[in-house]
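J.: The following block contains the structure, expressed as structure tokens.
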Amino acid sequence: MRIYSAIQPTGSIHLGNYVGAIMNWVKMQEEGECIYGIANYHALTAIKEPKKLEERVFEAALDLLACGLDPEKCSLFVQSHVPEVTELTWILSCCAPMGELNRMTQYKDKSAHMEIVNAGLFTYPVLMAADILLFKADTVPVGEDQLQHLEVARVFARRFNLMFGEVFPEPKPRLTKATRLMALNDPTKKMSKSVEGSAIMLSDPDSVILKHVKRAVTDAGPGAAQDQMSPGVANMFTLLKVFSAPETVKYFEEQYASGSLRYKELKDALGRDLVAALAPIRERRSELAAKPERIREILHESARRLRVIARQTIAEVREAAGLGVTPEF
Ligand code: TYM
């Protein structure tokens, strides 16, 4: 099994990324050949400051290694270090109807707030499909918000195979138990790095994590059904199931069922267990930050290995599409 996934280095990695995707990235290192990317070509659709983009890539590498990606068990690389992906993006975009891309909800949401929409944002899902297909991945661990993009990758694989002959497997998603974590301060919105104050960053100190949990919204808001768990409490239960012992989850579920759940008690337990889980990641992160050369070496070694696969796929794609081999000059 070949596993591929990536993250955009548009901000620090947050709890949503961790529970929705990265926990699976770590686990899946035991299941197959894992390739994980830091998608800086994708981030270029949003970040136009070169220094900032470079720093964010490095920070993302630190976060991911601190979460438990092991360079002995997976390839962690920077997307632009394997530039073959851009050639595949072009080829796939020639087989992509505009209407299909126009329907992407992330594109609609993001472009709605922009004065000038760059074409990269529109063709973003093509680059993402190319990312996955370049490595002929069959499984892609992602959060729920990426499922529509992944479906596009599946359609592109099928279409390319039909038009030009069998080259790509159809990649399947792998989801976690917390596939859509909501913001603690506004459980109607997804926890996201682009929404100010909505995310718990993996690098946040204990006090900040505890403050987020303490202030978590619990009431259901006006007009909500009283017999249903409010989105905020449901979100806290989602986290509890990831980070707390089964007995703790059972205890609070029973409290909820009997109508005697005390939010303070729930928040105290969740805060304690979150801090206990995230503190070691933060410690590993600061150890790793002291070795920038080693981080770069890990990223470069992966890219060297992956370019061999990338060139092989590109050669097959070129031949299949009638683009021929690149002549040696
Ligand atoms: P990105 O950088 O927005 O997010 C990285 C991963 O975190 C998941 N995620 C969440 N999961 C649960 N709850 C949340 N609140 C939450 N927020 C984020 C995302 O679903 C994702 O799995 N387009 C991708 C990056 C990408 C990619 C790829 C992914 C580029 N190429 C190829 C898979 C395969 C993105 O922007 O993810």
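J.: What part of the accessible area of segment 51-156, given as a whole %, is carbon or sulfur when the probe is 1.4 angstrom? Before the final figure, lay out the partial values.
T.: Numbers: 2420 of 4420 Å².
Carbon and sulfur atoms account for 55 percent of the accessible area of segment 51-156.
J.: Report the label-to-label distance for Gln148 and Lys214 in nanometres (one decimal), using points 7 Å from each Cα along the Cα→Cβ vector.
T.: 3.8 nm
J.: I've got another one for you. How much accessible area per residue does the chain have, counting only protein heavy atoms and a probe of 1.4 Å, in square angstrom?
T.: Values: 16270 Å² over 329 residues.
Roughly 49 Å² per residue, with all protein chains present.
J.: To continue, here is another question. Can you give me the long-range amide H partners of Ile200? Hydrogens built in the peptide plane at 1.01 Å from N, cutoff under 5 Å, separation of 5 or more residues or another chain.
T.: Those lying under 5 Å, H to H, from Ile200 are Leu15, Gly16.
J.: So, one more: Measuring from a point 7 Å past the Cα of Arg158 along Cα-to-C-beta, which residues in segment 112-126 have an amide N at less than 20 Å?
T.: It comes to 125-126, nothing else.
J.: Calculate what fraction, in whole %, of the accessible area of segment 206-287 sits on carbon and sulfur atoms when a 1.4 Å probe is rolled over the protein chains.
T.: Values: 2470 of 4700 Å².
Result for segment 206-287: 53 percent of the exposed heavy-atom area is carbon or sulfur.
J.: Here is a follow-up. Go through segment 77-124 and name the GluC sites (Glu not before Pro) that are in a DSSP coil and have 11 or fewer other Cβ atoms within 10 Å of their Cβ. Mind showing how you got there, number by number?
T.: On the way: sites: Glu84, Glu87, Glu100, Glu115; in loops: Glu115.
Here the GluC sites (Glu not before Pro) that fit, given the DSSP loop and packing criteria, are Glu115.
J.: State, to one decimal in nm, how far the label point of Ser258 lies from the label point of Ala245, with both points 7 Å from Cα in the Cβ direction.
T.: Between Ser258 and Ala245, the simple spin-label model gives 1.9 nm.
J.: Separate question: Give, in nm to one decimal, the length gained when the segment between Thr86 and Met114 is fully stretched (0.36 nm per residue of separation minus the Cα-Cα distance).
T.: Using 0.36 nm per residue and subtracting the Cα-Cα distance, I get 7.6 nm.
J.: So, in Å, what gap is there between the alpha-carbon centers of segment 261-329 and segment 1-67?
T.: Segment 261-329 and segment 1-67 have Cα centres spaced 5 Å from each other.
J.: Could you work out how much longer the chain between Ala279 and Arg304 gets when fully extended? Use 0.36 nm per residue separation minus the Cα distance between them, nm to one decimal.
T.: Length gained, Ala279 through Arg304: 5.7 nm.
J.: Stretch Lys27-Lys291 to full length: gain in nm at 0.36 nm per residue minus the Cα-Cα span?
T.: Numbers: separation 264, 0.36 × 264 = 95.04 nm, distance 2.48 nm.
Between Lys27 and Lys291, full extension yields an extra 92.6 nm.
J.: While we're looking at this one, here's another question. Report Lys51's accessible area, 1.4 Å probe, all protein chains in place, as a number in Å² to the nearest 10.
T.: Approximately 140 Å² of Lys51 is accessible to the 1.4 Å probe.
J.: So how strong a dipole does the chain carry about its Cα centre when Lys and Arg Cβ are +1 and Asp and Glu Cβ are -1, to the nearest 20 debye? Kindly include the intermediate steps, with their values, before the conclusion.
T.: Values: 41 positive and 42 negative charges, 66 e Å.
Dipole of the chain, to the nearest 20 debye: 320 debye.
J.: Using label points projected 7 Å from each Cα along Cα→Cβ, tell me how many nm separate Lys51 and Lys172, to one decimal.
T.: If labels sit at Lys51 and Lys172, their model points lie 4.8 nm apart.
The values are calculated or read from the model by the stated rules, or taken from the named source; none is laboratory data. From a predicted model like this one, the values you see are computed outputs, not experimental measurements. Counting neighbours? That spans all protein chains shown, and the Cβs are built from the backbone with ideal geometry, glycine included. Surface areas here come from the heavy atoms of the whole protein model, side chains and all, with no ligands, DNA or RNA. Shrake-Rupley method; radii C 1.70, N 1.55, O 1.52, S 1.80 Å.
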